[in-house]
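Beneath this line is the structure, given in structure tokens, with notes to follow.
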Amino acid sequence: MNDARAGSVDPLSVTRRYFLGRGAGVGVGAMALNSLLGEMGHSAEGGLPDSLPHFAPRAKRVIFLTQSGGPSQLELYDHKPGLVKFAGQKLPDSIRDGQRLSGMTKGKPQLVMPAHSVFRQRGESGATVSDWLPHIADIADELCFVKSMVTDQINHAPAMTKFLTGHHLTGRPSMGCWFSYGLGSVNRDLPDYLVLLSKMKRGSDQPLYDHYWGSGFLPSEYQGVKLRSAKDPVLYLNDPSGLPRELRRGMLDGLNEINAIRQQQTGDPEIETRIQQYEMAYRMQTSVPDLTDVSDEPESTFEMYGPDSRRSGSYAANCILARRLAERGVRFIQLFHPDWDHHSRLRSWCTARCRDTDQASAALIKDLKQRGMLDETLVIWGGEFGRSPAGQGKWDSPEGGRDHHPRCFTIWMAGGGVRSGVTYGATDDYSYNAIVDPVHVRDLHATVLHLMGIEHERFSYRSQGLDFRLTGVEPARVVRDILA
């Protein structure tokens, strides 16, 4: 394997981290080197001369607005007026082409249900966006819509795992972890990869699993760190009451020396990870409160992001935090908003999720642009799959919904080297199959890696004797037609 950044889980192999630990004193010197490289804009793992990026990146960071549950492309972006004439008719076998269905609709009649929403062409680009998303519609000329996304998983957890890690089974690193591993940090006081979960007003029955932002076989220092909407945004970060900061510093120095001696003896990279995590936690005791204290934001910010932006943990509040994290140089920022799963009451359920996210998503794009940050920030909006054109339940009832659908769905991107005002790909008359320029999930991964300066076929990590890539072993392409 030629990739200079490939690692190994074998503790006897001489990894870069192990070399630094052995060659810079007894680990404390290695920590000092890592600290110095952190101030220069790199971690010790990511800042050596032969490291990534492979070429000049178009984007410095990613903000991934993850809509968990499968937003309906039929109601939001993929306008199919012809479905009206097929309403209530059986979905043709030639369109379905033997595709398997989820257990919720298998064996039931597949009757066409037209969109519940109204579409209009927006801006100079003429992109079709639903009236359910008026704020996103207003910024359509800033966006690149990909209407031909394809996946091969039909249930939520495997599909979201595939969407984020490139494989439907757990145990692989999430996309953000790959960037943390490959590119290192530009802020030594915050993790490379931060995750924010929406706190729903009514609660949520849709689980968001930790492996969605887990490091898999990569060292655990690269896993996503979850910011909670609570008094303590990061658990176990604060010192006990009455513990002086200088005493905490002394305790950490002593613990680090013990860990460094053990790391010298074993070469276990997880020990160096532990040292770095203790140091990061110490610095985060100052950086996290500064990040989450939004009292310095002007009133105009909250007006732009909408009335829910003052509610801690809301999607809108998390969008403001995402911009603050981007300003502080965090490499990969991921927001999760659940409950896009519309098996019933689509008309009320989907519109509620649109109200949660529409204004704040558009505000984030506007905010980044007015601060001169959009060109170097890649923003992605999307979920793990789409929804079926066949109704679930009574197709002509407000109680009707749509089942999961992997064969086509829509995402959008903005900034960070993608073209604006562009619609890429197309589906058939039923919004069932992607028939023009299909974009598989692995193609999306290859494209995002490219925008961050990484050639996906050269970016791998050795685990259990195999060289793993985010894009896997099947062919993947960079979607060059959407690049600016």
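Each reported figure results from applying straightforward, stated rules to the coordinates on display, with no laboratory input. What you see is a predicted model; the values in this text were computed from it and never measured. Counting neighbours? That spans all protein chains shown, and the Cβs are built from the backbone with ideal geometry, glycine included.
Using the average count of surrounding beta-carbon atoms within 10 Å as a protection proxy, the listed peptides 316-323, 125-132 rank, highest first, as 316-323, 125-132.
Sticking with the crude label model, points 7 Å out along Cα→Cβ, report the distance from residue 419 to residue 257 in nm, one decimal please. So the two model labels end up 6.2 nm from each other.
Averaging over all projection directions, the Cα-based convex hull of the range 406-483 occupies 6.1 nm² in the image plane.
Close amide H contacts of residue 61 (hydrogens built in the peptide plane, cut-off under 5 Å, sequence separation of 5 or more or a different chain): 378. Whole Å is fine, so just give me how far the alpha carbon centre of the range 162-184 lies from that of the range 428-484. Computed from Cα coordinates, the inter-centre distance equals 13 Å.
When the chain is fully extended, how far beyond the present Cα-Cα distance does residue 352 get from residue 55, taking 0.36 nm per residue of separation?
102.7 nm
Of the trypsin sites (Lys or Arg not before Pro) found in the range 51-147, those in coil by DSSP whose Cβ has at most 16 other Cβ atoms within 10 Å are 100, 106. Computing FRET efficiency as 1/(1 + (r/R0)^6) for residue 428 and residue 295, where r is the C-beta to C-beta distance and R0 is 56 Å, gives about 0.65. Taking label positions 7 Å along the Cα-Cβ direction at both residue 152 and residue 120, the computed distance is 4.2 nm, reported to one decimal. Once backbone amide H atoms are built at 1.01 Å from N, residue 467 has no partners under 5 Å, excluding neighbours fewer than 5 places away on the same chain.
Judged by the mean number of other Cβ atoms found within 10 Å, the most tightly packed of the peptides 382-392, 176-186, 262-272 leads the ranking 382-392, 176-186, 262-272. Highest mean packing comes first when the peptides 69-76, 443-450 are listed by Cβ atoms within 10 Å, giving 69-76, 443-450.
Put simply, the amide H of residue 225, placed in the peptide plane, has neighbours under 5 Å in 193, 194, 195, leaving out anything fewer than 5 places away on its chain.
The chymotrypsin sites (Phe, Trp or Tyr not before Pro) of the range 406-484 include none that DSSP puts in a loop with a beta carbon having at most 15 other beta carbons within 10 Å. Translational diffusion of the range 325-422 was estimated from the Stokes-Einstein equation, with Rh taken as the Kirkwood radius over Cα pairs; at 20 °C and 1.002 mPa s the coefficient is 138 µm²/s.
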